[in-house]
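First up is the structure itself, then whatever we jot down about it.
The values are calculated or read from the model by the stated rules, or taken from the named source; none is laboratory data. Everything numeric here is computed off the predicted structure, so don't read it as measured data. Positions of Cβ are generated from backbone atoms using ideal geometry, with glycine treated the same way; all protein chains shown enter the neighbour counts. The area values use the complete protein model at the heavy-atom level, side chains included, leaving out ligands, DNA and RNA. Shrake-Rupley method; radii C 1.70, N 1.55, O 1.52, S 1.80 Å.
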Amino acid sequence: MNVADTEIVLGILNNKGYSQTNNADEADVVLFNTCSIRENAEQRIYGRLGNFKNLKALKPDLVVGILGCMAERLRKDLVEQKSIVDLVVGPDEYRRLPELIDVAYNGDKGIGVKLSRTETYDDIIPHREDGLSAWISVMRGCDKFCTFCVVPFTRGRERSRALSSVVDEICELSERGFKEISLLGQNVNSYKDGDKDFADLLAASAEVNRSVRIRFTTSHPQDLSDKLLYTIAEHSNICNYIHLPVQSGSDRILKLMNRTYTIGHYLKLIEKARKIIPGVSFSTDIISGFPTETFEDHIMTLDVMRQVRYDGAYMFKYSPREGTKAYAMKDDVAEETKSKRLQEIIDIQQQISYEINQELIGTEDIVLVEGVSRKSNDFLAGRTDTNKVVIFPNQDGIEAGDYLKIKIKRATQATLFGELVKAVKLNNNNLALIA
Ligand code: 5AD
Ligand code: SF4
């Protein structure tokens, strides 16, 4: 999401004549686009700010700015306590960046931290390098108010972009050769444009060009409708991959988290999705050590992981965030216990991912080639529509952006290794006809 926001910021600044440099020594303005979701994300920014102290001392005119959620959360504290910071601009004030940079350049502090109920940057053309994958924020903010989460406070109320403008953007990206578009929102299936919902947006996005894959994240279990599941099933280029954070396996903890579902409801949803979309894969987010979490609650989380058998998971220790409801509860699970539980969660997930990948040996799947593998030019890397990385021997005539049928020969917990079966030619621009 921050990559997508950075592209919007670059779009706004490029319009005013700014250009980018990858060399900080050359920069007149240095902007950090920040995340506040957990304490360690913020600590990393403080670390990086420290690295810029010397440069600022050498170049007093250098404007250093903090963008995004940390700007929103810490506001004036940042400019008052960190003398190096000249500018703080929250996620809904990026249009004012050129003006605020001027303020900072003239020696005052540039501060823009108002949240908006309407800002979607719908008319801003994000600045994207050519490539295969692009991210489009289709909605902003979140109204769910999970009690542990700072997002509703830093990114404000939910609002959606117009369906037609998202589709126009996908058309342009498709013409530029992009092959994979991820539709983003904190709570993407709450998307709404008049009487059009997220399923309508997904269908319209998929129909732009059937050889462009459509992905989306993040889905909240409360809003994953039957219509959405059938839409995924009906469109071959909407990826069979759903990121569906469960957070905890204990109904008591889920209630304290204000997640609005029970594990029974969640498991039924998974079962239904698997019926409607055969072969669908799931990933999740899990938090260990939420306030009052007992050993029994933790075991329930491990049980849910074993029942669902996620293809992947993002796993975190609970991190108290000021201003949230959970912040008022005591952070009463010892750090050591949180770490131990997190490690058990990670170990189980690694075992499950390994087993799922082993079961894929001998099967064939279509892979979108992303380029040479990280380790060697002799191998190419691609991704299945279920978001698994596949490595296979490089050969002449294959390019990034090609679709190939690959037979899986070997697998680790994180990667599949295979061999080319055949290149998949597009027929009528429609992958489904030949896949
Ligand atoms: N502590 C730990 N993890 C958190 N997340 C959100 N807020 C917190 C927090 N305070 C995790 C959730 C969410 C993901 C994006 O980050 O699992 O789904
Ligand atoms: Fe945060 Fe996601 Fe909950 Fe919204 S739905 S409050 S972004 S965890």
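Tabulated values for the structure
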quantity: Restricting segment 118-148 to residues that are of a type in the set (Lys, Arg) and within 16 Å of ligand 2 (Cβ to nearest atom), the residue that is nearest to GLU322 (Cα to Cα); calculated: LYS144
quantity: Unique match (being outside the structural domain of ARG38 (by TED's automatic domain parsing), over 30 Å from LEU254 (Cα atoms), buried (at least 19 other Cβ atoms within 10 Å of the Cβ) and modelled with pLDDT of 95 or more) among LEU342, LEU416; calculated: LEU416
quantity: Any helices (runs of 4 or more DSSP H) falling wholly within segment 64-167 and containing at least 1 residues that are within 16 Å of ligand 1 (Cβ to nearest atom) and open to solvent by less than 20 Å² (accessible area, probe 1.4 Å); calculated: 69-81, 151-154
quantity: Every residue from segment 9-19 that is under 18 Å from ALA104 (Cβ atoms) and open to solvent by 40 Å² or more (accessible area, probe 1.4 Å); calculated: LYS16, GLY17, TYR18
quantity: Residue check, TYR266 part of a helix (DSSP H, G or I), at pLDDT 95 or above, outside the structural domain of SER36 (by TED's automatic domain parsing) and surrounded by 20 or more Cβ atoms within 10 Å (Cβ to Cβ); calculated: yes
quantity: Selection within segment 270-292 - open to solvent by less than 10 Å² (accessible area, probe 1.4 Å), of a type in the set (A, V, I, L, M, F, W, C) and within 16 Å of ligand 2 (Cβ to nearest atom); calculated: ILE286, PHE290
quantity: Segment 190-211 residues that are under 22 Å from GLY401 (Cα atoms) and polar (S, T, N, Q), paired with ones that are open to solvent by less than 40 Å² (accessible area, probe 1.4 Å) and not in a helix (DSSP H, G or I) (beta carbon under 6 Å, 6 or more apart); calculated: SER205/ILE214
quantity: The one condition in (1) outside any strand (DSSP E or B); (2) closer than 25 Å to ASN258 by Cβ that ILE346 fails to fulfil; calculated: (2)
quantity: Candidate set: segment 236-258, residues that are open to solvent by less than 10 Å² (accessible area, probe 1.4 Å), of a type outside the set (Gly, Ala, Ser) and assigned to a loop (DSSP other than H, G, I, E, B); chosen: the one farthest from LEU360 (Cα to Cα); calculated: MET257
quantity: Subset tally (residues that are farther than 30 Å from GLN247 by Cβ and either open to solvent by less than 40 Å² (accessible area, probe 1.4 Å) or in a helix (DSSP H, G or I) (or both)) for segment 359-383; calculated: 10
quantity: PHE178 being away from ligand 2 (no atom under 16 Å from the Cβ) and either under 23 Å from SER281 (Cβ atoms) or open to solvent by less than 20 Å² (accessible area, probe 1.4 Å) (or both); calculated: yes
quantity: Selection from segment 304-316 of residues that are open to solvent by 60 Å² or more (accessible area, probe 1.4 Å) and under 28 Å from GLU72 (Cβ atoms); calculated: TYR314
quantity: Test: residue in segment 26-40 that is open to solvent by 60 Å² or more (accessible area, probe 1.4 Å), part of a helix (DSSP H, G or I) and within 16 Å of ligand 2 (Cβ to nearest atom); calculated: yes
quantity: Segment 251-275 residues that are at positive phi, paired with ones that are of a type outside the set (A, V, I, L, M, F, W, C) (beta carbon under 7 Å, 6 or more apart); calculated: ASN258/THR147; THR260/GLN222
quantity: Tally of residues being more than 16 Å from ligand 1 (Cβ to nearest atom) and within 19 Å of the chain's Cα centre (by Cα) across segment 238-287; calculated: 6
quantity: For LYS330: the one exception among (1) basic (Lys, Arg); (2) under 24 Å from the mean Cα position of the chain (by Cα); (3) assigned to a loop (DSSP other than H, G, I, E, B); calculated: (2)
quantity: Conditions (1) modelled with pLDDT of 95 or more; (2) within 24 Å of ASP25 (Cβ to Cβ): number failed by GLU93; calculated: (2)
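To keep it simple, each residue is scored yes or no on (1) modelled with pLDDT of 95 or more; (2) polar (S, T, N, Q); (3) over 25 Å from TYR327 (Cα atoms).
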{"site": "LEU10", "(1), (2), (3)": "yes, no, yes"}
{"site": "TYR18", "(1), (2), (3)": "yes, no, yes"}
{"site": "LEU31", "(1), (2), (3)": "yes, no, yes"}
{"site": "ASN51", "(1), (2), (3)": "no, yes, yes"}
{"site": "GLY68", "(1), (2), (3)": "yes, no, no"}
{"site": "ASP77", "(1), (2), (3)": "no, no, no"}
{"site": "PRO98", "(1), (2), (3)": "yes, no, yes"}
{"site": "VAL103", "(1), (2), (3)": "yes, no, yes"}
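Conditions (1) open to solvent by 60 Å² or more (accessible area, probe 1.4 Å); (2) touching a helix residue (DSSP H, G or I) at 6+ places or on another chain (Cβ under 8 Å); (3) in contact (Cβ under 8 Å) with a residue 60 or more places away in the chain; (4) within 16 Å of ligand 2 (Cβ to nearest atom), marked per residue:
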residue	(1), (2), (3), (4)
THR294	no, no, no, no
LEU302	no, yes, no, no
TYR318	no, yes, yes, yes
THR337	no, no, no, no
ASN357	no, no, no, no
